[in-house]
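To start, the structure under review is shown below, and the notes come after it.
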Amino acid sequence: MRVWILAWLLATLVTLVVLGAFLAAMVSAALQVGRAAQRFQDEVGGLATDISRGAARAGDRTSRMRGPEGSGRR
């Protein structure tokens with residue numbers, strides 16, 4: 001009976017070590033994804049802001065061209 005207890009303890013310890021390694025790998029991957037997302041935001045954020053401003057200006061110009069009555073379609 002004592003052998004079974006040792007076997008279960010050994011299996012439990014091995015499982016805990018494997019789960020700990022898996023958890024450490026997941027935390028490392030999450031940190032790496034976070035750094036990549038921040039770098040992407042730094043590189044693309046300004047361009048996305050410029051594009052959205054340009055789209056807003058184009059929309060304003062379009063609405064001014066249509067005049068006060070709207071699109072004219074009914």
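The values are calculated or read from the model by the stated rules, or taken from the named source; none is laboratory data. Values in this document were obtained by computation on a predicted structure and should not be read as measured data. Methodologically, a virtual Cβ is constructed for each residue, glycine included, from the backbone with ideal geometry; neighbour enumeration extends over all protein chains shown.
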Log entry, pairs with first residue in the stretch 45-74 being on the phi > 0 side of the Ramachandran plot, second being modelled with pLDDT under 85, beta carbons closer than 8 Å, six or more apart or on different chains, reads G72/R66
Among residues of the stretch 1-26 being β-branched (V, I, T) and surrounded by 10 or more Cβ atoms within 10 Å (Cβ to Cβ), the residue farthest from the chain's Cα centre (by Cα) is T12
Going through (1) at pLDDT below 90; (2) within 30 Å of the chain's Cα centre (by Cα) one by one, R73 fails only at (2)
Checked G45, G54 against criteria (at pLDDT below 95, within 17 Å of the chain's Cα centre (by Cα) and surrounded by 10 or more Cβ atoms within 10 Å (Cβ to Cβ)); the one match is G45
